[in-house]
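What follows is calculated from the coordinates using simple rules that are stated; it is not laboratory data. The model shown is predicted, which means the values in this text are computed figures rather than measured ones. In this analysis, Cβ positions are derived from the backbone assuming ideal geometry, glycine residues included, and neighbour counts consider all displayed protein chains.
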């Protein structure tokens, strides 16, 4: 199946603008991808009435479909209708949640190139509406996960004009909140949100 970006550029799984769809990332030595772990955490929170959070679907414009059988349709070519904003949104204790999940193999810093301007702009717009906006950062080589508020991310993003191309791990350790993976939920990010809210109050 072929996908294209809104500008017509051919989508490739190796394209740095998109997360690989097939590459397996080791998660806590269980062979689980970070995104899958977050999705399972969201299911856990939903089942236990803790929060309602879902992954946003990627808007597609289908342009070519084959019908090998009358009862089956196979999508052969499609375009991304528009740039995506963030990965997840939902509600928790009256707070609107909006967040992105990113991962890196780097051991000492998190590259800012993993984010895009339209995502930063979206987060800024959410912050203006007093949403609880943040990113979950996964260091796959270290098996470490961090909650980082969108306010801090925007602050670091703006420093790119001064040559800053990544966020050092030691700054993330200081400004963020480390999330220790568990069995259920696998990524207990609500605990980090509670810590963040307590610090903010």
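How much length, in nm to one decimal, is gained on full extension between residue 129 and residue 158, taken as 0.36 nm per residue of separation minus their Cα-Cα distance? Intermediate results must be reported in sequence, preceding the final value.
Numbers: separation 29, 0.36 × 29 = 10.44 nm, distance 2.03 nm.
Result: 8.4 nm gained on full extension.
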Problem - Cβ-derived FRET efficiency at R0 25 Å, residue 195 paired with residue 48, nearest 0.05 - result: 0.80
Exercise for the section: Once you have the Cα-Cα distance between residue 93 and residue 106, take 0.36 nm times their residue separation minus that, and quote the gain in nm to one decimal. Expected result: 1.2 nm
Problem - Linear extension gain, residue 165 paired with residue 180, 0.36 nm per residue minus alpha-carbon span - result: 2.7 nm
Practice task
Please provide three numbers in whole Å: the alpha-carbon extents of region 80-174 along the principal axes, with the largest listed first.
Solution key: 35, 29, 29
